[in-house]
Amino acid sequence: MNNDDFRQWSRRAADWGADYRNNLRDRPVRPLVEPGAISGSIEVSPPEDAEPMDRIFADFEEKILPGMTHWQHPRFFAYFPANAAPVSVVAEYLVSAMAAQCMLWQTSPAATELETRTVDWMRQALGLPEGFSGVIQDSASSATLAAVLTMRERALDWQGNKQGLAGQARLRIYSSDQVHTSIDRAIWVSGIGEDNLVRIPVGGRFRAMDTAALEAAIAADLEAGMQPAGIIACVGGTSTGGTDDIEAVVEVARRHGLYLHVDAAWAGSAMICPEYRHFWTGVEGADSIVFNPHKWLGAQFDCSIQFLRDPESHVRTLAIKPDYLKTHGHDGIINYSEWSVPLGRRFRALKLWFLLRAHGLERLRTMIRNHVGWSEGLAARLAREPDFEIVSEPMLSLFSFRHKTATDADEHNLRLVNAINDDGRIYLTQTKVDGLIAIRFQVGQFEATAADIDAAFVVITEIARGLDR
């Protein structure tokens, strides 16, 4: 592809993207394809000779597009959003065209310095105090792994990376069962082991960790000769929005000198609205906080910010400095590869910078407030229906519900969510609450409207009535 072809196809791709976004409401949210249908349409062996771009692009539209789930669809109410505001897509075009490797200050000074500035913009937007610095990670999973590794090293007096875990005290990490499964994976990868992730009982509307039980678990482990290393709290857990009493957990962590990581991957975006910050009161006492602008704020995936109260411990855990990665002649610079598990780094700050400037915080706050209000309204409408029950009350824009039935409730609600998704007009997911199936609903797509939530009510109730016939 020469430069003229590059120009032509870049324009074609941009036009296609705009048309795609404009017509998304006409598509089913989730594709109705059978496993293997897409791979069966693709040649088994790679081509020996070059193929024309017209044919490649046509195959994309004919073979790939029909198998895509449309995460930017305004009626995507499943999981959590993975928004890509159009302005962030434009920024990603530029990042892809430059294709810079941004691992060190010297490999892209502007990328490093813009990251420092935009992370601080977000610190201010979320109401976090001065003194927190941060880094843009690829996802909350990587941020949590980095936090767990730092817990491990601090607890082992910085000998874990050098000596390994053999012969060391048995480390213990504490969390509720409401945290994301990325926490389990971080425990595996860090070598601490699943058996040493201590699950603390939860209670109350938001299924918060019982801090008395947390305190008792730490005391029991100390008595047994084990080494408590850290606590992972959550704000807005994936299943039903489980949210810990951060202030109370901070007090426990401080009493025992434990590292505290707060996972607010989804709900953290809402903290740009001051009226929602009560959900993480005390968060300034955490050592590490993660939230994902690529979820609710509209920055295209991937873009996850990890705030750190003491970056020195973090960097001491992760930094490797061979001579070929040193930046000679410059003191006091930041090399963000020393703040991340991967060495290679994309230029993630540009899309966040474009997004914040093009929308401004107030327009983003309005979007989030609308989503919360619409979700609360839908929960109230379903609660008034005689055949529905609200299982978990709205936490911001997330709640769960169940359709009542005289038959097997789990089987019936799984049939319902599958029928809704096969219908294609909206997309939902299920979870388990107290051991029983419930259907999750969250509003978060960047371009959703109140009419889309009205449509969800119609689809849910219409299909539920059909199952009862």
Between VAL44 and LEU165, the two model label points (7 Å from Cα along the beta-carbon direction) sit apart by a distance in nm of 4.3
So, with points 7 Å from each Cα along the Cβ direction, the VAL458-ASP4 label distance in nm works out to 5.1
Rounded to two decimals, the Debye log10 I(q)/I(0) of the stretch 32-111 (Cα scatterers, no solvent) at q = 0.18 Å⁻¹ is -1.05
If every Lys and Arg gets +1 and every Asp and Glu gets -1 at its Cβ, then about the Cα centre the chain yields a dipole, in debye to the nearest 20, of 660
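What trypsin sites (Lys or Arg not before Pro) does the stretch 128-227 have in DSSP loop regions with at most 13 other beta carbons within 10 Å?
Working: sites: ARG152, ARG154, LYS162, ARG170, ARG172, ARG185, ARG199, ARG205, ARG207; in loops: ARG170, ARG205, ARG207.
Answer by residue number: ARG205.
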Note: probe point = Cα of ARG117 + 7 Å toward Cβ; backbone nitrogen < 12 Å; residues of the stretch 349-371 passing the test are 350, 353-354, 357
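Express the carbon and sulfur contribution to the solvent-accessible surface of the stretch 52-142 as a percent, rounded to the nearest whole number, probe 1.4 angstrom.
Working: 2330 of 3960 Å².
Here it works out to 59 percent.
Please identify the trypsin sites (Lys or Arg not before Pro) of the stretch 244-287 that satisfy two criteria: DSSP loop assignment and at most 11 other Cβ atoms within 10 Å. Which are they?
On the way: sites: ARG254, ARG255, ARG277; in loops: none.
Answer by residue number: there is no such site.
Between the DSSP loop rule and a limit of at most 15 other Cβ atoms within 10 Å, which GluC sites (Glu not before Pro) in the stretch 130-223 are left? Intermediate results must be reported in sequence, preceding the final value.
On the way: sites: GLU130, GLU153, GLU194, GLU215, GLU223; in loops: GLU130.
Of the GluC sites (Glu not before Pro), the ones in loops of the stretch 130-223 whose Cβ has at most 15 other Cβ atoms within 10 Å are GLU130.
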For the chain, dividing by residue count, accessible area per residue (probe 1.4 Å) in Å² works out to 46
For the stretch 285-422, averaging the sequence separation of alpha carbon pairs under 8 Å that lie six or more residues apart and dividing by its residue count, the contact order in percent is 13
Beyond 21 Å, the calculated P(r) of the stretch 368-446 holds a percent of Cα-Cα pairs equal to 25
With the 8 Å Cα cutoff and a minimum separation of six or more residues, the stretch 177-230 has a relative contact order in percent of 22
Restricting to aspartates and glutamates and to Cα separations under 19 Å from LYS404, and discarding same-chain partners fewer than 8 apart, the set is GLU385, ASP387, GLU389, GLU393, ASP434, GLU462, ASP468
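Please state, to two decimals, what the Cα-based radius of gyration of the stretch 316-469 comes to when divided by 2.2 N^0.38 Å (N = residues). Don't skip to the end; give the middle numbers.
Details: Rg = 23.0 Å, N = 154, 2.2 N^0.38 = 14.9 Å.
So the Cα radius of gyration is 1.54 times the expected 2.2 N^0.38 Å.
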Counting every C-alpha pair in the chain, the percent lying more than 44 Å apart is 18
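Over the chain, what is the mean sequence separation of C-alpha contacts under 8 Å (at least six apart), divided by residue count, expressed as relative contact order in percent? Before the final figure, lay out each step's value.
Working: 800 pairs, mean separation 101.0, N = 469.
Here the relative contact order equals 22 percent.
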Eigenvalues of the alpha-carbon gyration tensor of the stretch 43-196, times 5 and square-rooted, give semi-axes in Å, largest first, of 38, 24, 20
Diffing the stretch 11-16: the Karplus 3J(HN,Hα) column from phi (6.51, -1.76, 1.60, θ = phi - 60°), in whole Hz with x for Gly and Pro, holds 5, 4, 5, 5, 4, 4
Taking 303-315, 84-96 and ranking on average Cβ neighbours within 10 Å, highest first, one gets 303-315, 84-96
Straight-line reach check, LYS63, cutoff 17 Å on alpha carbons, 8 or more apart in-chain or any other chain, hits among aspartates and glutamates -> GLU34, GLU43, GLU51, ASP54
If the label point sits 7 Å along Cα→Cβ of LYS404, residues of the stretch 376-398 with amide N under 14 Å come out as 382-391
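Measure off, as a whole percent, the carbon and sulfur share of the 1.4 Å-probe accessible area of the stretch 190-253, all protein chains present.
Values: 1170 of 2390 Å².
Carbon plus sulfur share of accessible area: 49 percent.
The values are calculated or read from the model by the stated rules, or taken from the named source; none is laboratory data. Predicted model, so just to flag it, every value in this text is computed and none were measured. All Cβ positions, glycine included, derive from the backbone under ideal geometry; neighbour counts span all protein chains shown. Remember, those area values only see protein heavy atoms, side chains included, never the ligands or the DNA or RNA. Shrake-Rupley method; radii C 1.70, N 1.55, O 1.52, S 1.80 Å.
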